[in-house]
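The values are calculated or read from the model by the stated rules, or taken from the named source; none is laboratory data. Treat the numbers as computed from the prediction; the structure is a model and nothing was measured. No Cβ is skipped: glycine too gets one built from the backbone with ideal geometry, and neighbour counts run over all protein chains shown.
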Amino acid sequence: MLKNVVKVVGPKYVSILRTWVPTMVGWGTVGGVALVHFTDWRLFLDYVPYISGKFKSDE
């Protein structure tokens, strides 16, 4: 599959992409943590199996 990508995009851009992948993963992680931090964190943590059991309401 990588060979097909190299044929379409070219080896120069594949090399550039490989150097940027760790940076994009890092910033994506920071963005995800910031999203959870600045929004309602419980909205996201309700989907985590172990943690969601701690917030059950008795309705």
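Some observations on this one:
- A count restricted to segment 32-59 and to residues that are exposed (fewer than 10 other Cβ atoms within 10 Å of the Cβ), modelled with pLDDT of 75 or more and assigned to a helix (DSSP H, G or I) stands at 4.
- Residue tally, condition surrounded by 10 or more Cβ atoms within 10 Å (Cβ to Cβ) and modelled with pLDDT under 85, over segment 1-31: 2
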